[in-house]
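Peer 1: Pasting a structure below so you can have a look.
The values are calculated or read from the model by the stated rules, or taken from the named source; none is laboratory data. Keep in mind that what you see is a predicted model, and the values were worked out from it rather than measured. Every residue, glycine as well, gets a Cβ built from its backbone with ideal geometry; the counts of neighbours run over all protein chains shown.
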Amino acid sequence: MAVPDALVSAQADRKLVRRMSAGDEAALGELHDRFSTLLHSVVLRIVGDPDDAEEVLEETFWQAWRQAGRYEEGRGGIGTWLVMMARSRAVDRVRSRRRFREERWDELPEPVESGPGIGSAPPSPLDSAHDDEVRRVVARAVATLPPEQRETVELAYFRGLSQSEIAQTTGQPLGTVKTRARLALQKLREALSVLREDAP
Amino acid sequence: MSLDMTHEDVQAALAAEALGALDGEEAAAIHAHLAACDECRRELARLEEAAAALAWAAPRVPMDAARSARMRARLLARAAADRGADSHTRPPRIDAVPVTPPTPAASRAADVDGEGVIPISRAPSRRGGNAGWLAAAAALLLAIAVGAWAARLKGRYDALGEQYAQVDTERGELLRGIARRDSTLAALSTPGVRVIDMASTQQKAPGGRMFWDPRRAKWIFFAHDLPRLRAGRDYQMWLITADGPISAGTFKPHDDGTAEMEATFQLPPDGLRAVAVTDEPEGGLPKPSTTPIILGTFGESAE
């Protein structure tokens with residue numbers, strides 16, 4: 001069954017990871033060049049601080065180097081693999097910071113209602129044509145989500161809130177939060193399926 | 001939240017798992033279910049693809065070029081060091097054979113092929129015949145030989161280990177040197193770095209060049225043809241501001257008269273008038289006591 005792969009796990013990326021697992025550090029450099037802007041964008045969006053973002057990014061690439069041999073090709077694209085690692089580390093950092101400061105989510109910098117939100121990333125001429133296309137498709141897909149689903153995704157993905165924290169914050173039952181998360185991701189998946197056909 | 005989740009419960013919670021939003025107890029129950037359910041694992045992989053694509057929805061913010069270059073250099077240096085530590089590049093492993101006292105039991109302890117060895121247990125000297133003595137003597141000689149061989153191997157192994165440690169130390173120093181060079185190059189190529197040329201105020205034509213990154217408060221200085229210092233003297237670098245000179249540290253030149261120095265000191269971008277190097281007592285002084293050897297007025301060559 002075809003899996004929508006918005007991040008396009010190109011053969012070249014897989015080859016990089018295979019070279020890394022064989023101990024070729026130049027491949028790690030190439031992986032860095034290929035993905036650092038994407039990963040930095042998402043990590044910075046989550047942690048909000050350039051120093052924290054740099055640390056998270058370095059830890060992520062280092063984890064990729066150490067775990068290159070364990071990357072499962074059937075599981076998903078290299079981009080997905082890297083983004084999941086980077087996001088997880090970024091959210092861990094935000095959560096520990098929040099615990100440390102005993103902050104509530106709405107006291108963190110960059111509240112959801114202000115600043116550039118998800119889906120507002122303008123394409124850049126520096127991106128490759130394909131990256132540009134992915135960015136446009138994702139922005140369009142996110143823009144078509146109903147506001148409550150967007151909010152759920154935003155709170156979970158970029159703010160690092162757990163589903164029970166989201167339920168508490170939005171005043172919705174836990175079941176509703178789960179349903180919104182599921183509907184949002186299903187819609188994204190459908191919207192992104194067009195990219196699968198273009199994938200090399 | 002019950003830990004007893006049905007397949008349908010898990011399916012309903014997979015999107016939250018893909019978004020990393022599950023709470024601890026439920027996450028544990030779902031991970032346990034996933035370990036045994038192909039269908040849920042496949043569905044989770046699909047949802048994770050969709051969740052990961054959200055990264056493209058974040059505003060595009062490339063990392064600062066100098067930060068990125070430094071991080072890349074660090075990663076490559078770490079990876080090279082890590083690769084060096086892998087087993088396939090280690091010296092061939094020679095397992096030392098245990099050195100045992102030359103007793104009959106040692107012939108069994110030593111891991112040698114049974115061919116040609118007469119185990120004492122198979123030929124007990126019930127009658128006290130020559131065969132038993134011969135076997136014991138053979139075993140004794142063998143144990144001594146094996147012990148000596150093991151001791152030689154152990155010595156060789158230790159020597160190789162020492163050689164390897166020395167090579168590894170040298171390699172680490174080289175890698176650190178390369179990482180420092182990469183970091184310097186990255187700092188020099190940062191956008192916004194200002195360059196101050198420093199000309200001689202004397203006959204022997206020493207000169208220097210200062211790279212200043214005001215955003216990072218980073219100063220990198222290269223000099224050439226510096227006169228050799230007398231004993232007990234240092235060169236001292238000065239940042240000259242409207243409020244007077246500020247020491248940026250002392251240094252000694254190499255034998256060929258060249259020198260490099262790095263310093264971190266916060267100064268407003270419009271706060272610098274000039275940079276200068278003076279010959280001072282070792283350790284430096286709070287204020288310059290001699291005429292500058294080289295001097296660069298900021299604004300002449302910068303920007």
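Peer 1: Give the residue that is modelled with the lowest pLDDT, with candidates limited to residues of segment B:277-299 that are closer than 20 Å to B:Arg209 by Cβ and small (Gly, Ala, Ser).
Peer 2: B:Gly299
Peer 1: A follow-up question, please. Determine which member of the set B:Gly155, B:Gly132, B:Gly177 is under 23 Å from the mean Cα position of the chain (by Cα) and either part of a helix (DSSP H, G or I) or modelled with pLDDT under 80 (or both).
Peer 2: Details: B:Gly155 fails: under 23 Å from the mean Cα position of the chain (by Cα); B:Gly132 fails: under 23 Å from the mean Cα position of the chain (by Cα).
Going through B:Gly155, B:Gly132, B:Gly177 in turn, just one is under 23 Å from the mean Cα position of the chain (by Cα) and either part of a helix (DSSP H, G or I) or modelled with pLDDT under 80 (or both): B:Gly177.
Peer 1: Go through B:Ala223, B:Ala231 for me and flag whichever is surrounded by 15 or more Cβ atoms within 10 Å (Cβ to Cβ) and out of contact with any Lys or Arg (no Cβ under 7 Å at 6 or more places or on another chain).
Peer 2: Numbers: B:Ala231 fails: surrounded by 15 or more Cβ atoms within 10 Å (Cβ to Cβ).
So the residue among B:Ala223, B:Ala231 that is surrounded by 15 or more Cβ atoms within 10 Å (Cβ to Cβ) and out of contact with any Lys or Arg (no Cβ under 7 Å at 6 or more places or on another chain) is B:Ala223.
Peer 1: Is it true that some residue in segment A:28-44 is among the basic types (Lys, Arg) and either at the interface with chain B (Cβ under 8 Å from one of its Cβ atoms) or touching an Asp or Glu at 6+ places or on another chain (Cβ under 6 Å) (or both)? Even if it seems obvious, please write down each step before you answer.
Peer 2: From segment A:28-44, those among the basic types (Lys, Arg) are A:34; that's our starting set.
Imposing the further condition that a residue be either at the interface with chain B (Cβ under 8 Å from one of its Cβ atoms) or touching an Asp or Glu at 6+ places or on another chain (Cβ under 6 Å) (or both) reduces the set to none.
No - not one qualifying residue is present in segment A:28-44.
Peer 1: Now a separate question. Name the single residue, out of those in segment A:150-159 being facing chain B (nearest Cβ under 9 Å) and in contact (Cβ under 8 Å) with a residue 60 or more places away in the chain, that is farthest from B:Glu43 (Cα to Cα).
Peer 2: Looking at residues that are facing chain B (nearest Cβ under 9 Å) and in contact (Cβ under 8 Å) with a residue 60 or more places away in the chain, I get A:Phe158.
Peer 1: If you don't mind, there's one more thing I want to ask. Evaluate segment A:61-78: report whether one residue or more is of a type in the set (D, E, K, R), more than 10 Å from chain B (Cβ to nearest Cβ), assigned to a helix (DSSP H, G or I) and over 15 Å from the mean Cα position of the chain (by Cα).
Peer 2: Step one: filter segment A:61-78 for residues of a type in the set (D, E, K, R), giving A:66, A:70, A:72-73, A:75.
Now drop any that are not more than 10 Å from chain B (Cβ to nearest Cβ), which leaves A:70, A:73.
With assigned to a helix (DSSP H, G or I) added as a condition, the list becomes A:70.
Now drop any that are not over 15 Å from the mean Cα position of the chain (by Cα), which leaves A:70.
Yes, segment A:61-78 contains a residue that is of a type in the set (D, E, K, R), more than 10 Å from chain B (Cβ to nearest Cβ), assigned to a helix (DSSP H, G or I) and over 15 Å from the mean Cα position of the chain (by Cα).
Peer 1: Would you be able to tell me the number of residues in segment A:160-187 that are in contact (Cβ under 8 Å) with a residue 60 or more places away in the chain and buried (at least 24 other Cβ atoms within 10 Å of the Cβ)? Walk me through how you get there before you give the answer.
Peer 2: In the first step, residues of segment A:160-187 are kept if they are in contact (Cβ under 8 Å) with a residue 60 or more places away in the chain; the result is A:160, A:165, A:169.
Okay, now just the ones that are also buried (at least 24 other Cβ atoms within 10 Å of the Cβ), so A:160.
Of the residues in that region, 1 qualify.
Peer 1: Given the structure, is A:Trp105 more than 24 Å from B:Arg60 (Cβ to Cβ), touching an Asp or Glu at 6+ places or on another chain (Cβ under 9 Å), surrounded by 15 or more Cβ atoms within 10 Å (Cβ to Cβ) and at pLDDT below 90? Outline the logic, then answer.
Peer 2: Details: more than 24 Å from B:Arg60 (Cβ to Cβ): yes; touching an Asp or Glu at 6+ places or on another chain (Cβ under 9 Å): yes; surrounded by 15 or more Cβ atoms within 10 Å (Cβ to Cβ): yes; at pLDDT below 90: yes.
Yes; evaluated as a whole, the condition is true for this residue.
Peer 1: Turning to a different aspect of this structure: Just one of (1) surrounded by fewer than 16 Cβ atoms within 10 Å (Cβ to Cβ); (2) assigned to a strand (DSSP E or B); (3) modelled with pLDDT of 85 or more trips up B:Asp197, so point out which.
Peer 2: If we test B:Asp197 against (1) surrounded by fewer than 16 Cβ atoms within 10 Å (Cβ to Cβ); (2) assigned to a strand (DSSP E or B); (3) modelled with pLDDT of 85 or more, just (3) comes out false.
Peer 1: May I ask you to say which residue of B:Ala29, B:Ala51, B:Ala69 is within 7 Å of another protein chain (Cβ to nearest Cβ) and either at pLDDT 90 or above or buried (at least 18 other Cβ atoms within 10 Å of the Cβ) (or both)? So that I can check it myself, show each step before the final result.
Peer 2: Details: B:Ala29 fails: within 7 Å of another protein chain (Cβ to nearest Cβ); B:Ala69 fails: within 7 Å of another protein chain (Cβ to nearest Cβ).
Sole residue among the options that is within 7 Å of another protein chain (Cβ to nearest Cβ) and either at pLDDT 90 or above or buried (at least 18 other Cβ atoms within 10 Å of the Cβ) (or both): B:Ala51.
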